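Asks: Just dropping this structure here.
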Amino acid sequence: MRIRVQEVFDAATALPGHDRCAGLHGHTYTVEAVVAGRASGGVLEDFREVRRRLREVVAPLDHTDLSLKFPYPSCEVLALDICARLKAAQPGLERVRLWEGEGKWVELEAGEVAAAAAGPR
Ligand SMILES: [Zn+2]
């Protein structure tokens, strides 16, 4: 069984050397986190708890300039960072999907993340 929670944040970003995204610009990011497990007593895990943990992971990125935190803040790099930090806090984390605006996302499974992945600067 799986549950999913979602948070939204806004940030500035720039991708050095990229033909379109090299200049400073902004995105609204939507993060989805999926937790897998068994429901015990009718509940897998309280949605509020999972959202609280996801909010704590996203807070250091919200309304910041991501290009000051990561050398190359692509959606892939951000998804990896979010997944790594959430994995450390959230038991049963299965996957994280990070939407950049609408119509495009990066998804990774918690198992793809090395435990020692670096966080933001
Ligand atoms: Zn962009």
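Asks: So which pairs qualify, if the first residue must be in the stretch 85-100 and touching a residue at least 60 places away in the same chain (Cβ under 8 Å), the second must be open to solvent by 50 Å² or more (accessible area, probe 1.4 Å) and not in a strand (DSSP E or B), the Cβ gap must be under 6 Å, and the two must be at least 6 apart or on different chains?
Replies: Cβ pairs passing all conditions: Leu93/Lys87.
Asks: With respect to Val31, is the statement that it is in contact with a Lys or Arg (Cβ under 9 Å, 6 or more places away or on another chain), farther than 15 Å from Lys104 by Cβ and either part of a helix (DSSP H, G or I) or away from the ligand (no atom under 12 Å from the Cβ) (or both) true?
Replies: No.
Asks: If I ask for residues that are out of contact with any Phe, Trp or Tyr (no Cβ under 9 Å at 6 or more places or on another chain) and within 16 Å of the ligand (Cβ to nearest atom), which ones from the stretch 75-101 would you list?
Replies: Glu76
Asks: Would it be correct to say that Thr64 is among the hydroxyl-bearing types (Ser, Thr, Tyr), within 11 Å of the chain's Cα centre (by Cα) and open to solvent by less than 80 Å² (accessible area, probe 1.4 Å)?
Replies: Spelling it out, it is not the case that Thr64 is among the hydroxyl-bearing types (Ser, Thr, Tyr), within 11 Å of the chain's Cα centre (by Cα) and open to solvent by less than 80 Å² (accessible area, probe 1.4 Å).
Asks: Restricting to the stretch 31-48, name every residue that is of a type outside the set (Gly, Ala, Ser) and surrounded by 13 or more Cβ atoms within 10 Å (Cβ to Cβ).
Replies: Residues satisfying the conditions are Val31, Glu32, Val34, Val35, Leu44, Glu45, Phe47.
Asks: For Pro71, work out the one condition from (1) farther than 28 Å from Met1 by Cβ; (2) within 16 Å of the chain's Cα centre (by Cα) it doesn't fulfil.
Replies: Failed condition: (2).
Asks: Can you pull out the residues in the stretch 2-28 that are acidic (Asp, Glu) and either away from the ligand (no atom under 14 Å from the Cβ) or not in a loop (DSSP other than H, G, I, E, B) (or both)?
Replies: Glu7, Asp10
Asks: Another question, then. Those residues that are over 19 Å from Ala59 (Cβ atoms) and either in a strand (DSSP E or B) or in contact (Cβ under 8 Å) with a residue 12 or more places away in the chain (or both), I need them from the stretch 36-48; list them, please.
Replies: Correct list: Ala36, Gly37, Arg38, Ala39, Ser40, Val43, Leu44, Glu45.
Asks: Another question, if that's okay. Just to be sure, is Pro73 surrounded by 13 or more Cβ atoms within 10 Å (Cβ to Cβ), at pLDDT below 95 and not in a helix (DSSP H, G or I)?
Replies: The answer is no for Pro73.
The values are calculated or read from the model by the stated rules, or taken from the named source; none is laboratory data. All values reported here derive from a predicted model rather than from experimental measurement. Cβ: placed from backbone, ideal geometry, glycine included. Neighbour counts: every protein chain shown. With ligands, DNA and RNA removed, areas are computed over all heavy atoms of the protein, side chains included. Shrake-Rupley method; radii C 1.70, N 1.55, O 1.52, S 1.80 Å.
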